[in-house]
Structure formats: C-alpha cells, structure tokens
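The values are calculated or read from the model by the stated rules, or taken from the named source; none is laboratory data. Predicted model only: the values in this text are computed from it and were never measured. Positions of Cβ are backbone-derived with ideal geometry, glycine not excepted, and every protein chain shown enters the neighbour counts. SASA here: full protein model, heavy atoms, side chains in, ligands and nucleic acids out. Shrake-Rupley method; radii C 1.70, N 1.55, O 1.52, S 1.80 Å.
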Amino acid sequence: MAEVYDYVGAVQAIYEEQRRQLQQAQQRAEQLQRQKTALAVQELESRRPGYQREYDAGARQAYVAKRVAQRDLPQQLSALGLSGGMAETNAARLEMNYGNTLGELRGVLNQALAALERQIAATTGEGELALGQIGGEFEQKLGELYVDYQQRLESARQKQRAEELAAQAAAAKAASAKSSGGSKKKGSSSGKATASGKTATTGSGGETMQNQYNQNTVDQYQMYLNAMKLQKQLQGQGAKAYGVLGSAVKSGAINDKWRGIILGNLGLAN
C-alpha cells in the first residue's frame, strides 16, 4: 500500500511549535515589564538621599544661625542696657527657635519620604497590574491557538483517513487485477456460457465482497474530495452554504455527515 503522509503528526508538531513561541514571547514581555518597573522604582529610590541632604543642609544652617545669634547676643543686650534675666530669656528663645526650625525641617523631610513611599507603592502596583494584563492577553492567544489547532487537527484526520482509504482501494484494485490476470493465464475461468453465447461471471462470495469494499472506498474518497471542494467554494459565503450543501446531499455528491462537518468548519450551525 502506498505510504500516506502523516497530516495529523504535522499539525500537532506545528501547534507545539506555535505554542512554544507564544510562551517564550510571554516570558520576554513579562521580563521587560519587570525591568521597566524595577527601573522606575530605582529612580524613585534615588531621590531619598537628596531629601536627607536637604534636611541636613537646613539643619546646619539653623545651627550656624543659632551660634551666631548666641555670639552676638551679649553685645546686643549690652547696647540696649539689658542684662541678667533678659539675657537668659533671649538665650532660651534662641534655643527654642532652633528647635522649632529643626522640627519644621524634619516635618518637610517626613512628608517628602511619605510621598516617595506612596509613589513607589503605586509604581509597583502598576507593574503588577501590567503583568496580569500580559498574562491575560497571552492566555487568550493560547486559547485561540488551541481552538484553531482542534479545527486543523480534525481536517487533517479527515484528509489522512481519506488518503488511507484511497490507498487501500488502490492496493485492493491492484491485487484484484493481478489475481484476475493470473486466472486468465491458467485458463480457469469460472464463467458459464449462456444461451446467447455470453459468459456470466459466477465469482466467489469473497471476491464479490472485496469488490464491493473497493467500490465503497472509492465512493468515500470521492465524497471527501467533493466535500473539500465545496468547503473551499463556500468560505465566507454565510447562509448561502445551507442551500448549496442541501443540493449536494440530494445529488449524492456528499452525505449528511459531510454536510455537518463542512458547516462546522465554516462556523455555521448544523
């Protein structure tokens, strides 16, 4: 029997390769998104030392201002003719002002750091959301690929089976022809002469069944070819397919089974 191409195996191999490529593309997309998020968080984190430096600079300026004021305070009080308790009161006021300035600077720093933490959290959350969207998109693509694979797989099975039937029919026909040729050479015809002088064949029951099987196989293959031709013609024809396929069934070009298969492949209700 002639060798039949492995259509099913070919479709399966193509599907596995396409699925592998989609999974690799998903991994690359997710990796790029993680890198993007990490870089954004890194940029935000780089601001933290700057906020601390601003606080330290302000604190130093406040300290220097306090020390200068403390140095000049006795001279200023003397010029005003003040001493004793007033000097102590003004010194305490300088310390209080210095403490208030540090408190204000610390408040500004804390607010900046809190805002930074919120930005980092928001950026991280957006990154996680983007990863989820990527996963959802590729899950949909994999699902669509699988549906397409099932359709192509069914078509491949039908085509492979049709070729197997055709190969079996061809092999049986060749075997029958070889057997008939050998019988004629030996002169062992099983026919009987009729009254009109014609020979009537009285072959064995087994040979009759084999011939019937061969004819059925050829008919099935022809029906498959008719179905494939009709399906190609009806691509995108929509409702027109129902009438054409109904006529084909009536004419015997295809049967109800092939009508259902074609409608399914065209995405139409049976």
Expected field for residue 179, accessible surface area in Å² at 1.4 Å probe radius, rounded to 10, holds 70
A correct Karplus calculation of ³J(HN,Hα) over segment 154-171, with 6.51 cos²θ - 1.76 cosθ + 1.60, θ = phi - 60°, whole Hz and x for Gly and Pro, returns 5, 5, 5, 4, 5, 5, 5, 5, 4, 5, 5, 5, 5, 5, 5, 5, 5, 5
Excluding residues fewer than 8 positions from residue 250 in its own chain, the aspartates and glutamates with Cα under 19 Å of it are 219
Of the residues 46, 57, 22, the Cα lying farthest along the dipole of segment 1-60 towards its positive end, which is defined by charges on the beta carbon of Lys, Arg, Asp and Glu, belongs to 57
Once the in-chain neighbours fewer than 8 apart are removed, the aspartates and glutamates whose Cα is under 14 Å from residue 66 read 95
Cross-link reach from residue 36 to aspartates and glutamates, straight Cα distance under 20 Å and at least 8 residues apart if same chain, gives 45, 117, 126, 128, 137
By accessible area (1.4 Å), largest first, 141, 36, 66 order as 36, 141, 66
Cα-based Rg then Dmax for segment 96-170, in Å, read 32.3, 109
Taking the reciprocal of mean 1/r across every pair of different Cα atoms in segment 1-41, the Kirkwood radius in Å is 12.9
